[in-house]
Amino acid sequence: MHSIPVGVLGASGYAGRELCGLITAHPHCHLAFATANERRGQTLRVRGGDRVHDILMVGHEEAPLDAAALVFSALPHGASVDWVGRVLAAGAKVVDLSSDLRPGRGGSTHPVPDNVPEQVPYGLPELFREGIGHASVVANPGCYPTSILVALAPFVKAGLVAPDGLVSVAAASGVSGAGASPKPELLFAEVTENFRAYGAGNAHRHLPEMTASLQRLGGTFDLLFTPHLLPVDRGILSTITVPLTEAVADPVGVLRAAYAHEPFVEVTDALPALADVVHRNVVRVTAVTVRHVRRPTLTLFAAIDNLVKGAAGQAVQNANLMLGLDETAGLPR
Ligand SMILES: NC(=O)c1ccc[n+]([C@@H]2O[C@H](COP(=O)([O-])OP(=O)(O)OC[C@H]3O[C@@H](n4cnc5c(N)ncnc54)[C@H](OP(=O)(O)O)[C@@H]3O)[C@@H](O)[C@H]2O)c1
């Protein structure tokens, strides 16, 4: 099979770097270009498989978009959607890692270019695989939503979540989730040996894509999402409290049945931890029956690497489907 050229917009960011590493180790793709904004002209060192690669990052404007069959846009929300339009105009497919084209658009009001469809497939293959393979643009899900939706979906689809209930999520992410741009609150001295919530009161940009996706699966309950900042480099652990319509005798069995044929979902009896998932394109998930409460309730636990299954790995999974390749090609498990 000939090697397929792909490009990365935003290669100097955390998600873009991870993408470059995955592409340099991919069995059927190679890097046609990698771009940066302020760091254009600099060299990016990435590890791809067993080797280290030095990649020259060009400015976005200098990228030969028409030399790629598919382009990943790992640009900030707001800036990304215009580049999706430019890539489509150049004749390539796009996986957009930003929230610009996800359901609810992350609350963005930035105009969508005329040549970009208003609604594009939401690239969470384990739940919505249909449509991804034939798409010219796919919206890659957010990191928190990937962990939360994979854990909740089997119970929502089975009608087991109380329709008038409140599903409450407390999730913690490593610092790379906030991107590589310098921010005072992310300085080492602010983050280390510390733990705090942010986006309290259902104010996080990821809420619209989660509520839209849960409604699509048949859910009518309320969702309360409270993210936390964890003083580690990478990884997300989501803890999800779910009021049920009835007691479920074997909740782990519900997850196992739903994901028996999914290569990137690990259902486990043990509680998942970040060390189980970092640098891997997996969601590791379990369910526990809650005791000593009046209403039947579950707690779901899901762990992912925010930069792999939560970003670059999932983007490559979508790209594999869009390019007609084996969905698992080039992805670490
Ligand atoms: N980090 C995660 O865990 C994660 C997970 C899921 C999805 N995402 C999404 O992936 C995208 C990239 O995230 P990230 O965390 O990698 O961000 P990041 O580290 O801040 O990187 C952003 C990239 O975009 C470039 N850039 C910054 N401002 C720009 C502008 N105004 N116009 C054009 N380019 C600009 C940067 O270039 P310079 O550095 O050269 O300026 C860099 O290459 C975002 O949309 C984010 O929401 C991130």
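Which residues, taken from the stretch 34-69, are more than 9 Å from the ligand (Cβ to nearest atom) and touching an Asp or Glu at 6+ places or on another chain (Cβ under 8 Å)?
If the condition is that a residue be more than 9 Å from the ligand (Cβ to nearest atom) and touching an Asp or Glu at 6+ places or on another chain (Cβ under 8 Å), then T43, L44, R45 are the ones that fit.
With the checklist (1) outside the structural domain of T24 (by TED's automatic domain parsing); (2) within 14 Å of the chain's Cα centre (by Cα); (3) of a type outside the set (K, R) in hand, flag the one item D96 doesn't pass.
(1)
Output the residue which, of all residues in the stretch 220-241 that are of a type in the set (V, I, T) and closer than 17 Å to N202 by Cβ, is farthest from the ligand (Cβ to nearest atom). Don't jump to the end; show me each part of the working.
To start, the set of residues in the stretch 220-241 that are of a type in the set (V, I, T) comprises 220, 226, 232, 236, 239-241.
In the following step, the residues that additionally are closer than 17 Å to N202 by Cβ were identified as 220, 226, 239-241.
Details: T220: 27, T226: 18, T239: 19, I240: 19, T241: 24 Å.
Applying the filter and picking the extreme gives T220.
Looking at L274, is it within 23 Å of the chain's Cα centre (by Cα) and surrounded by 15 or more Cβ atoms within 10 Å (Cβ to Cβ)?
Yes.
Which residues, taken from the stretch 135-194, are within 13 Å of the ligand (Cβ to nearest atom) and either among the charged types (D, E, K, R) or surrounded by fewer than 18 Cβ atoms within 10 Å (Cβ to Cβ) (or both)?
A178, G179, A180, S181, P182, K183, L186
Scan the stretch 299-317 for residues that are away from the ligand (no atom under 13 Å from the Cβ), under 19 Å from L237 (Cβ atoms) and crowded, with 24+ Cβ neighbours inside 10 Å and jot them down.
Those that are away from the ligand (no atom under 13 Å from the Cβ), under 19 Å from L237 (Cβ atoms) and crowded, with 24+ Cβ neighbours inside 10 Å: L300, A302, A303.
Could you check, for the stretch 75-97, whether at least one of its residues is of a type in the set (S, T, Y), within 11 Å of the ligand (Cβ to nearest atom) and at pLDDT 95 or above?
There is at least one residue in the stretch 75-97 that is of a type in the set (S, T, Y), within 11 Å of the ligand (Cβ to nearest atom) and at pLDDT 95 or above.
For the stretch 211-312, give me every one of the strands (runs of 3 or more DSSP E) that falls completely inside it and has 3 or more residues that are in contact with a helix residue (DSSP H, G or I) (Cβ under 7 Å, 6 or more places away or on another chain) and either among the charged types (D, E, K, R) or assigned by TED's automatic domain parsing to the domain that holds E185 (or both). Full working, then the answer.
Values: elements: 222-229, 236-243, 265-267, 283-289, 297-304.
Hits in the stretch 211-312: 222-229, 236-243, 283-289, 297-304.
Can you pull out the strands (runs of 3 or more DSSP E) entirely within the stretch 14-131 that have at least 1 residues that are under 29 Å from L149 (Cα atoms) and of a type in the set (F, W, Y)?
So the answer is 70-73.
The values are calculated or read from the model by the stated rules, or taken from the named source; none is laboratory data. Since the structure is predicted, the reported quantities are computational estimates derived from the model, not experimental observations. Note that each Cβ is placed from the backbone with ideal geometry, even for glycine, and that neighbours are counted across all protein chains shown.
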